[in-house]
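The values are calculated or read from the model by the stated rules, or taken from the named source; none is laboratory data. All figures in this text were calculated on a predicted structure; none of them were measured in a lab. So basically every Cβ, Gly included, is an ideal-geometry build from the backbone, and we count neighbours across all protein chains shown. In case anyone asks, the SASA skips ligands and DNA or RNA and just uses the protein heavy atoms, side chains included. Shrake-Rupley method; radii C 1.70, N 1.55, O 1.52, S 1.80 Å.
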Amino acid sequence: MKRVVVGLSGGVDSSVAAYLLKEQGYEVIGLFMKNWHDDSVTISNECPWLEDSNDALLVAEKLGIPFQTVDLSEQYKEKIVDYMFKEYENGRTPNPDVLCNREIKFDVFMKIALSLGADFVATGHYCRKGEIMVGGKPVYQLLSGKDDNKDQSYFLCQLSQEQLSKSLFPIGELTKPQVREIAMKLDLVTAEKKDSQGLCFIGKVRLPEFLQQQLQPKEGLIYEVSAADEVYSKVKPTFNSLEEELVYESTPIKYIPDNGKVVGKHQGAHYFTIGQRKGLNVGGTKEALFIIATDVKTNSIYTGQGSNHPGLFRKALKVQSDEIHWIREDLKLQNGQLMEVMARIRYRQELQNATLHQFESGLYVAFENPQSAITEGQFVAFYNDEELIGSGVIS
């Protein structure tokens, strides 16, 4: 009997994952990760860890599997929270869920599981794992979940072959309604529990307040840039090379106060992100204002009216050389090579046609159609059909 440690989060997905593994004949151990202590910033009745760990315990008892809690809050603070503060401070928007999977669940947590003699670690992610032979060696594939509505492969876009080799995703072949149905039949306490929102394992957090603990408020101006501004009608230069053109297409417009008019004040550019429209507290415009750029150096926010504002769109993005990650290392591009892929720049975004171009200076992702709100610090993930083959941090 192979031993599997399941990350029981107190939700329905991991509960059913544990049940399915037991049915398949594995020796299953449930582990709950406690990653957060500070209740002052969580919205109290939404997913506090105590309630979740109790639910996880009840599920383990019902399934007849051993259960324990591990406290990873120190590592979580250091690897996720501190990193988030640093990124926001530098005007980038991190993705804590992707990081939590790479640094906590499939690293710190996985090491604990393996130290308990586990052969595998399992989670309730909606994705699947494949295995193929390449050059006589097994290569592991990260495949999207069967439920298109719930596919969570994007959140695992930074996993390595080593991590994948020891991972199991028992519910990847199921849809959410099927998972709920199994939980109802088993009369699990989590059967009708709402999906948790908010930061991975912290629960619902008031992000501005959470950030304000570390990042001091600093009053600055909000500018509105007209869609008719001349910055959008500049003639495209001629380029001497494809790389030059990609540099041009992937570089965000640098706005200055002269590009817009002052429409309000904010409490710190580092609290805001591109594409955001809530929290600006500016009224009186015909269409909603969207953030098209933030400048933490001058503490300015630039906005435009409506979701079709030209300032929101870009045809390409760049990933720095040291921030490219290939799950399928055998498919890694060499300098001068290109590859047609499907890509997404955020969770739940429809996959987009794109071409990867690898140069010494980095990897460029050129999209067939301009993309809205390409955000520095977020992850771009690239797919070959239903297989996620690699990813990178948007620079």
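Here are a few things to note about the model shown:
- Using the Cβ-Cβ distance between ASN149 and LEU331 with R0 set to 41 Å, the FRET efficiency works out to roughly 0.90.
- Long-range lysine pairs (8 or more apart or interchain), the range 1-146, Cα under 15 Å: 9
- Contour excess over end-to-end distance, with Cα ends at GLN178 and THR69 and 0.36 nm allotted per residue: 36.5 nm
- 0 to 90° range, to nearest 10: angle between helix 176-185 axis and the chain longest Cα axis: 30
- Nearest-0.05 FRET efficiency for GLN24 and ASP195, computed from C-beta distance (R0 22 Å): 0.35
- Charge tally for LEU186 (other residues, Cβ to Cβ under 14 Å; Lys, Arg +1; Asp, Glu -1): -2.
- Cβ-Cβ distance of SER233 and LYS34, R₀ of 56 Å, FRET efficiency by 1/(1 + (r/R0)^6): the value works out to about 0.55.
- Applying both filters, DSSP loop and at most 11 other Cβ atoms within 10 Å, to the GluC sites (Glu not before Pro) of the range 131-193 gives GLU192.
- Taking all C-alpha pairs of the range 251-290, those more than 12 Å from each other amount to 69 percent.
- Label-to-label distance for THR355 and ASP385 is 2.3 nm, based on points extended 7 Å past Cα in the beta-carbon direction.
- Value in Å of the Kirkwood radius, where the range 309-395 supplies the Cα pairs that are averaged: 12.8
- Sorting SER196, SER391 by solvent-accessible area of protein heavy atoms yields SER196, SER391, largest first, with a 1.4 Å probe.
- The chain, relative contact order [Cα under 8 Å, separation at least 6], %: 16
- If the segment from ASP322 to GLN216 were pulled out straight at 0.36 nm per residue, it would be longer than the present Cα-Cα gap by 35.1 nm.
- Based on DSSP H segments of at least four residues, each scored -39500 (n - 2.57), the chain has a per-residue ellipticity at 222 nm of -5500 deg cm²/dmol.
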